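See below for the structure under consideration.
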2 protein chains.
Amino acid sequence: MSRTVLRYFALLNLALTVALPVTTTAQTTVPDDPAARAGLGLVPWPSHLERQSGRLAVDGGFYAVLTGYTEPRLERAVDRLERRIAARTGVIPLPGRQAAGTAGATLLIRCEGPGEKVQSWTEDESYRLTVGPERAELETATPVGVLRGLETLLQLVRSDGEGFGIPAVVVEDVPRFPWRGLLIDACRHWIPPEVIKRNLDGMAAVKLNVLHWHLSEDQGFRVESRRYPKLHELGSDGNYYTQDEIREIVAYARDRGIRVVPEFDMPGHTTSWFVGYPELASGPGPYEIGRRWGVMKPHMDPTARSTYRFLRRFIDEMVDLFPDPYWHIGGDEVPGDEWAENPRIQTFMIDEELADKHDLQAWFNRELADLLADEDRSIVGWDEILHPDLPEGIVIQSWRGMEGLVQAAREGRHTILSNGWYLDHIQSAARHYRVDPLSGPAAELGPEEQTFILGGEACMWSEFVTAETIDSRIWPRTGAIAERLWSPATVTDEDDLYRRLDVLSRYLEGFGLTHLSARTALLDRLADGLPLPPLEALSDVLEPVKGYQRPATGRYTSLIPLNRLVDATRPESLTARRFGRAVDRVVADPAGAVEERQYVAEQLALWRSLPGALYPHLQERALLAEAEPLVGDLAGLAEVGEAALKALTTGTRLDPAEAEAARAKVQAAGRPKAELLIMVAPAVGRLLEGTGAGAVVDIPPAR
Amino acid sequence: MSRTVLRYFALLNLALTVALPVTTTAQTTVPDDPAARAGLGLVPWPSHLERQSGRLAVDGGFYAVLTGYTEPRLERAVDRLERRIAARTGVIPLPGRQAAGTAGATLLIRCEGPGEKVQSWTEDESYRLTVGPERAELETATPVGVLRGLETLLQLVRSDGEGFGIPAVVVEDVPRFPWRGLLIDACRHWIPPEVIKRNLDGMAAVKLNVLHWHLSEDQGFRVESRRYPKLHELGSDGNYYTQDEIREIVAYARDRGIRVVPEFDMPGHTTSWFVGYPELASGPGPYEIGRRWGVMKPHMDPTARSTYRFLRRFIDEMVDLFPDPYWHIGGDEVPGDEWAENPRIQTFMIDEELADKHDLQAWFNRELADLLADEDRSIVGWDEILHPDLPEGIVIQSWRGMEGLVQAAREGRHTILSNGWYLDHIQSAARHYRVDPLSGPAAELGPEEQTFILGGEACMWSEFVTAETIDSRIWPRTGAIAERLWSPATVTDEDDLYRRLDVLSRYLEGFGLTHLSARTALLDRLADGLPLPPLEALSDVLEPVKGYQRPATGRYTSLIPLNRLVDATRPESLTARRFGRAVDRVVADPAGAVEERQYVAEQLALWRSLPGALYPHLQERALLAEAEPLVGDLAGLAEVGEAALKALTTGTRLDPAEAEAARAKVQAAGRPKAELLIMVAPAVGRLLEGTGAGAVVDIPPAR
């Protein structure tokens, strides 16, 4: 760390108090200094961290003591901390060791007092953590602050030459935004309770604080309702959370400082409700559980009093399960055709002077908001619900762009961002990282208006994930989003982000997430006895197609297994990232970039070897046959790359015909096959262009 | 398949009827013909299988119909079948497709009638499965027969050039032994419900039919008791099965044709009972949960009437949870010191004319048998309980040798074998496979006596496994034991076993077992960012030390995490097996065995490269530091191997000093380090010996 930075931190410390106030849009002007993060794998990076000399040993004598306010939630947190350290390091936490008293404790935790009875977005999450050679101390205002600080401490534990230890640091930390969420859609594919739980562990690790649980959809109603049992009995194919499971998960989340906001999407996306209760719908029925993806026609009837009687009793039952002060009503994608076709609804609209479907939906939302207000719940809804008639206290979730966010803030409504953070769109971590709720048009807002922007949520829609693959779509990319929502806006270095995400990724897998191992499991099944390395080498350079390209194939329903190479393949090819940077250095300095040149040559040789290793086996494996063109194109890219590398190194040129053929090959290799993209195609194109062979245009999307 | 074999099967078919009778010791004289098994991955191999030409396509139109007797258990089995096929192949089982009727069904299942209300070892498990190009038919006497046949069908599904299909076959199958078990010790380390469940799935796949669930021990009492809550509250560290969980697991097992025999080990191995109820013990107490491994002193007091009053009420509560007609009373390892030190117990023995601790234990067992008889339960016990005073109807489980088995059979008592099948002893699959309950001294028994030998059980004691590693110790080796217990005694070809275990292994991992992926997860944590291949290459040639060598180190307690290289490493090195066979061919024919020579040379080069890849990183990783001598020894072996290979190929000799140094190197490399053995050391020794450089003696155990 430079002397300047040290001086800066020293000054800063004077200005900070232990119990940091909650500031929803704490903008700091700390310059981003990746060097200060060297060797530390923290995600999200704290608002302030000062390195000091020395380390705290984490050995058999490690134990933590709660010295201030305590409650069972904190005791369980300490227990989890010790278990996790034990599993990771081999340190032995003896049960009952706490009785040994504070004198010999390794970690002293001092919490000032209890937090909110039901955690809300105003909860104080700040903490101060100091680690010295003798002991660590964690000071916070609330138990949630303790939870945040313990996660930082756990991420700081590392193996070094002397065993396990925590480098000496002073951390003073407070989130930039108070609403930092992950949406999990448990409807399009069923996501069992244990998968939710391990993802809550992951969320806690990166200090996310809202599980937005998408619980009803055209394709499934996922909560046991005792009042209206046909909801889950006929609307779920038997895949739903029992009320006990819901309670357990809500308690599990609270133990980790995470709120649970349920979403029951209405008035559209409701087909599964109508299988058992067709009288709620605007059409004549009967209805079946939706099997296809996309926007569907069935809508709730917003004009029938019976709809609201049903919803009142339903909400009354559900609020006992979900204590959070917010309730997500959905409200997205309401084409309104079923309303248009229903004469009674049309008459109602004329009588009530409702100009169009937006007015009718606003009417419905107002009624719904009233029902929820009776239960002390405020509503969250997708940006379609924005309408002048809506009551105060709602939160707008902006998914279609920044516009909803900015408009809501201008109107003095609270709002959160999800546009740019759709995990199912299979974008790079860097791309998600560049999204900032206070950037672009939001940067033009006044400071007062900006305070209405509470944060945002990553969204894991589940059309193309199952319990087996969902972790791989959530992690580690969600770490980038979590950092954007927690860390100062100035923390933006992408190389450093990737370095730390790599540490995070292994850390998460180490305690139960399956985002890394899922690929092995899936490839193993595809390989059917074939050694994995060639398949892994192939998958390493691939990424699934982006955005809405998979649903656009039209071949998918909820009954089609997701067990192909595209499902096994991770959303982001780190090999392509590394290869691309090596290529750029080689092109910039063909003679000088020795290591990079060697790396590029090795990769090209590996890819060229794949047809030999894979061709004899693909056709006899039904699920792998579709990989053949990918193997061929990758080998073709390797040949182009080798020719280009040779030309670059020797300072020669490809002859024009050869160059044209090479450009065509790269371009063809860049096109999706088997719903996969060869992500090294653009870099091979740049290598080729570097020889003066002309540019290859129109290859995969920017990262 | 040869014409002779075809003719043999044709003759055999004439002699077989559909509903095969249960024969407990069905000895056949079918010669083992691995060629007939080519391309099929079945484990266990059926008693009779005839290949025919053609295949049944498994595509989007696949569905199964129950045409005979049915019950919910069978419907759930069909549902599981379709789900598993869907997950594996991408075939779509449309819900409600069964309604389409039998005409277009791919699989017709005809079950004659219901089975036993509570499955026992006399249940008929036979089935007949015919697969033709148009459809498959499964005919059985009982639902359990259907379950067995469906597992065979599932294992037959394979990917071929045309997609997924099942080769045309006629299978007529009946188990050789009726008691085929797996013991899981849930006490030494806690094994959570989901781990039990996935292992039940594995058991079902290889047609095991008894889960022997070891539920109480010095180190933990694992069942919720409402009558005596201090059993689980004070005796389990909070890790126990609730009664609901027990019921769910018992039902889950029954759905898969698996009995659940609970073991509450008494009168020794009972420390955890005494933490809450010291009055049951023979000593003064107080007692704490055992943390070390081995035989412990606390014993139940067999002389106090209060002990039996307690046990009566306890058994009365537990039998509601465990419907099996058998109850395992343990009875092993009773040193009796606590009895010897208690004057009241000594007086009792004099009064009752009990000569020694064996008589006293027999007294206890008789009382226990009476209590259990009142609840219609027969007892199973470890071979120590064999005593003339025992009542009839008991089953003796022989763990110390074949003697108990043979003696019990001679006395007309039912008996099962576990000696030779201790999975925690980390022996090869081949070694377990060679164990046969009717071999050795048991082969000398008369045919009548042999019928008392009901089968056997693999034993997974959990001192050195956790929920994370237990699968890797059970699978795939338990497949070899399952085959020994199911298949004809003549099926003994070990190469073919390993080929099929490899298919089985991937199949099991494909539906949820974690025996393969666990290593990656553990190595990943150890590697802490290091690329895995060099570590995997190292682990590939290692095996944990055998038998009781790990506990003999004396350093282990139940609180020590099992997260080291020895825990990550699989019990059997298939690389060592393959390398050893290649070496033997090279030694036998140095000029001719070209492929083998190349393979050996490649392996040696890989091992020689490991210090370069690993040395710079091991010491800064606390948990990997102990791997350094292994890496060094393996590289040393590689040097010896390369010198020997060169000498062999060129027909030269090492000079005597070099040969002596090489022998010493091999010998040193053969000694355990970090509780691991380098399993390729013997083969390198043979390579060296092949050059005429003298024999290396005293390297790791025979396989």
Notebook entry, point to check: Could we say that B:Asp496 is touching a residue at least 12 places away in the same chain (Cβ under 8 Å) and farther than 17 Å from B:Pro571 by Cβ here?
Noted result: yes
Item checked: Test: A:Arg80 is open to solvent by 20 Å² or more (accessible area, probe 1.4 Å), away from chain B (no Cβ under 11 Å) and under 26 Å from the mean Cα position of the chain (by Cα) -> yes
Next item on the list: Just give me the residues in the stretch B:557-574 being open to solvent by 30 Å² or more (accessible area, probe 1.4 Å) and under 20 Å from B:Asp495 (Cβ atoms), in sequence order.
Entry: B:Arg570, B:Leu574
Check: What residue, of A:Gly641, A:Gly685, A:Gly670, is free of Cβ contacts under 8 Å to residues at least 24 places away in the same chain and closer than 30 Å to A:His432 by Cβ?
Finding: A:Gly685
Notebook entry, point to check: Of the residues B:Leu604, B:Leu624, B:Leu618, which is under 18 Å from B:Pro533 (Cβ atoms), within 14 Å of another protein chain (Cβ to nearest Cβ) and touching an Asp or Glu at 6+ places or on another chain (Cβ under 6 Å)?
Noted result: B:Leu618
Check: Just to be sure, is B:Leu535 more than 9 Å from chain A (Cβ to nearest Cβ), within 27 Å of B:Pro44 (Cβ to Cβ), hydrophobic (A, V, I, L, M, F, W, C) and assigned to a helix (DSSP H, G or I)?
Finding: no
Notebook entry, point to check: Residue check: is B:Asp320 part of a loop (DSSP other than H, G, I, E, B) and surrounded by 16 or more Cβ atoms within 10 Å (Cβ to Cβ)?
Noted result: no
Check: What helices (runs of 4 or more DSSP H), lying completely within the stretch B:450-530, carry at least 3 residues that are more than 12 Å from chain A (Cβ to nearest Cβ)?
Finding: B:470-474, B:477-486, B:494-510
Check: Of B:Arg564, B:Arg550, which residue is of a type in the set (Lys, Arg), in contact (Cβ under 8 Å) with a residue 60 or more places away in the chain, within 11 Å of chain A (Cβ to nearest Cβ) and farther than 25 Å from B:Val43 by Cβ?
Finding: B:Arg564
Checklist line | Any helices (runs of 4 or more DSSP H) falling wholly within the stretch A:191-305 and containing at least 3 residues that are open to solvent by 10 Å² or more (accessible area, probe 1.4 Å) | finding: A:193-205, A:230-235, A:243-255
Next item on the list: Find the residue count for the stretch B:626-641, including only residues that are within 26 Å of B:Ala568 (Cα to Cα) and open to solvent by 30 Å² or more (accessible area, probe 1.4 Å).
Entry: 4
Next item on the list: May I ask you to list the residues in the stretch A:163-187 that are within 30 Å of A:Ser558 (Cα to Cα) and under 17 Å from the mean Cα position of the chain (by Cα)?
Entry: A:Arg180, A:Gly181, A:Leu182, A:Leu183, A:Ile184, A:Asp185, A:Ala186
Next item on the list: Working only within the stretch B:567-598, note down all residues that are under 12 Å from B:Ala683 (Cβ atoms), of a type outside the set (S, T, N, Q) and within 14 Å of chain A (Cβ to nearest Cβ).
Entry: B:Arg578
Check: If you go through the stretch A:53-77, how many residues are under 29 Å from the mean Cα position of the chain (by Cα) and in contact (Cβ under 8 Å) with a residue 60 or more places away in the chain?
Finding: 4
Checklist line | In the stretch B:586-608, the residues that are touching a residue at least 60 places away in the same chain (Cβ under 8 Å) and open to solvent by 40 Å² or more (accessible area, probe 1.4 Å) | finding: B:Val587, B:Leu606
Margin query: Looking at the structure I just gave you, is B:Val541 hydrophobic (A, V, I, L, M, F, W, C), over 25 Å from the mean Cα position of the chain (by Cα) and crowded, with 20+ Cβ neighbours inside 10 Å?
Written below: no
Notebook entry, point to check: Looking only at the stretch A:526-547, which residues are free of Cβ contacts under 8 Å to residues at least 40 places away in the same chain and among the charged types (D, E, K, R)?
Noted result: A:Glu536, A:Asp540
Checklist line | Residue that is nearest to B:Ser398 (Cα to Cα) [pool: residues in the stretch B:449-468 that are open to solvent by 10 Å² or more (accessible area, probe 1.4 Å) and not hydroxyl-bearing (Ser, Thr, Tyr)] | finding: B:Phe452
Item checked: Failed item, numbered, when B:Arg176 is tested on (1) under 30 Å from B:Leu215 (Cα atoms); (2) within 14 Å of chain A (Cβ to nearest Cβ); (3) open to solvent by less than 10 Å² (accessible area, probe 1.4 Å) -> (2)
Notebook entry, point to check: In the list B:Ala644, B:Ala613, which residue meets the criterion of being open to solvent by 30 Å² or more (accessible area, probe 1.4 Å), part of a helix (DSSP H, G or I) and away from chain A (no Cβ under 14 Å)?
Noted result: B:Ala613
Check: Mind checking whether some residue in the stretch B:434-448 is open to solvent by less than 30 Å² (accessible area, probe 1.4 Å), in contact (Cβ under 8 Å) with a residue 60 or more places away in the chain, in a helix (DSSP H, G or I) and within 23 Å of B:Val380 (Cα to Cα)?
Finding: no
Note to self: Checking the condition among the polar types (S, T, N, Q), more than 14 Å from chain A (Cβ to nearest Cβ) and within 25 Å of the chain's Cα centre (by Cα), which residue from B:Thr142, B:Thr152, B:Thr130 passes?
What the structure shows: B:Thr152
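The values are calculated or read from the model by the stated rules, or taken from the named source; none is laboratory data. Remember, predicted model here, so these are calculated numbers, not experimental data. All Cβ positions, even for glycine, are placed from backbone atoms using ideal geometry, and neighbour counts span all protein chains on display. Remember, those area values only see protein heavy atoms, side chains included, never the ligands or the DNA or RNA. Shrake-Rupley method; radii C 1.70, N 1.55, O 1.52, S 1.80 Å.
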